[in-house]
Amino acid sequence: MGDVLLKAFGFVFIIIAGIVFRRIGLFHKDDDRILSKIVLNFTLPCSVINAFSGFEMELSLLGVVALGILTNLALSFFGKTMAGKDRKKQAFNYINYSGFNIGCFTMPFVQSFLGSFGVAVTCLFDTGNAIMCTGATYAIASGLVGGERQSLKGFLKKAFSSAPFVSYLVMLVLSLFHFRFPDPVYQVTSAVAQANAFLCMFMIGLMFEVHLSRSQVLAVVKTLSLRLLLCCAMALAIYFLLPFEAAVKQVLVLVCFSPVSAMGPVFTDRLHLDKGLAGVINSISIPISVLILTGILLLWPPVA
């Protein structure tokens with residue numbers, strides 16, 4: 001228990017450090033973009049490669065990729081249903097109820113507590129999650145309000161310009177053929193991967209920003225409460241109904257409580273909806289996820 005709390009406090013401390021350093025002027029608003037480029041194009045791909053170094057791929061685990069897609073669809077459909085007949089609200093909910101911030105949040109948690117096997121399973125889920133977050137969810141939402149539709153070519157271009165997504169796919173294919181890089185490759189990626197957790201949490205601190213008007217409070221509470229309710233239902237279904245081993249189930253339960261995808265505010269803005277509200281939902285979902293993931297790990301110690 002003490003080890004879990006200490007590691008979780010370490011993550012919180014790094015996030016708070018990022019917030020404080022930005023507030024006192026040591027870092028500025030746009031500096032998070034530099035860290036984002038380092039994380040998404042260097043440390044996170046290295047973490048993915050390193051995670052598959054000793055991972056034995058089983059065909060049954062391909063269902064985890066499908067699960068990443070299905071959970072997004074379930075959250076989006078639930079959000080749309082909760083919006084009633086207002087098509088703008090439907091589109092807003094379709095985007096902001098769904099998606100999981102895995103690469104920059106849950107991945108470091110899993111990396112720290114569950115090791116390379118946990119990261120590999122997380123990568124499988126995030127492959128499906130990324131398919132939805134990088135364009136599929138936006139394409140459907142834009143149809144609800146008659147906005148610019150995402151073409152298949154545009155979606156594929158966006159997806160394959162994402163270094164983490166390409167890393168997931170490449171390592172997934174290589175693992176199916178039981179391919180391993182030479183050991184020196186994993187020694188290098190391991191050294192880089194160790195920086196991933198710190199950079200991700202510090203970047204989140206730099207990006208964290210909440211400007212909430214009274215009129216938005218109810219909308220934020222409603223959105224996050226209903227999303228959390230469905231995430232709880234999905235986590236219970238994974239635990240009791242899916243035929244995965246305990247170590248895989250633990251990873252998937254943790255992933256269910258990831259923060260809202262960072263792409264939410266971006267796509268919300270593209271549809272000329274309330275980007276500010278989307279940003280607040282995104283930011284507030286982060287400390288909620290910290291508490292929930294820490295609580296789960298305290299009650300359910302990492303499975304060997």
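The values are calculated or read from the model by the stated rules, or taken from the named source; none is laboratory data. Everything numeric in this text was worked out from a predicted model, so none of it was measured. Here the Cβ positions follow ideal geometry from the backbone for every residue, glycine too, while neighbour counts run over all protein chains shown.
Observations on the structure shown:
- Of residues in region 67-97 being in a helix (DSSP H, G or I) and without any contact (Cβ under 8 Å) to a residue 40 or more places away in the chain, the one surrounded by the fewest Cβ atoms within 10 Å (Cβ to Cβ): Thr81
- Within region 288-299, tally of residues that are exposed (fewer than 15 other Cβ atoms within 10 Å of the Cβ) and in contact (Cβ under 8 Å) with a residue 24 or more places away in the chain: 1
- Residue check, Ile238 assigned to a helix (DSSP H, G or I) and modelled with pLDDT of 95 or more: yes
- Selection status of Leu230, crowded, with 16+ Cβ neighbours inside 10 Å and at pLDDT 95 or above: yes
- Residue list for region 102-129, filter: within 17 Å of Leu61 (Cα to Cα) and either under 14 Å from the mean Cα position of the chain (by Cα) or surrounded by 24 or more Cβ atoms within 10 Å (Cβ to Cβ) (or both): Gly118, Val119, Ala120, Val121, Thr122, Cys123, Leu124, Phe125, Asp126, Thr127, Gly128, Asn129
- Scanning region 249-285 for residues that are of a type in the set (Val, Ile, Thr), surrounded by fewer than 23 Cβ atoms within 10 Å (Cβ to Cβ) and either out of contact with any Leu (no Cβ under 9 Å at 6 or more places or on another chain) or within 19 Å of Asn72 (Cα to Cα) (or both) returns Val253, Val266.
- Boolean, Ala120 is in contact with a Phe, Trp or Tyr (Cβ under 7 Å, 6 or more places away or on another chain), under 13 Å from Ile49 (Cα atoms), in a helix (DSSP H, G or I) and among the small types (Gly, Ala, Ser): yes
- Those residues of region 205-225 which are in contact (Cβ under 8 Å) with a residue 24 or more places away in the chain, part of a helix (DSSP H, G or I) and closer than 13 Å to Ile288 by Cβ, in sequence order: Val220, Thr223, Leu224
- Members of region 1-28 that are assigned to a loop (DSSP other than H, G, I, E, B) and free of Cβ contacts under 8 Å to residues at least 24 places away in the same chain: Ile24, Gly25, Leu26, His28
- Pairs with Cβ under 7 Å, 6+ apart, first in region 152-177 and at pLDDT 80 or above, second part of a loop (DSSP other than H, G, I, E, B): Met171/Phe52; Ser175/Phe52; Ser175/Phe55; Ser175/Met57; Leu176/Met57
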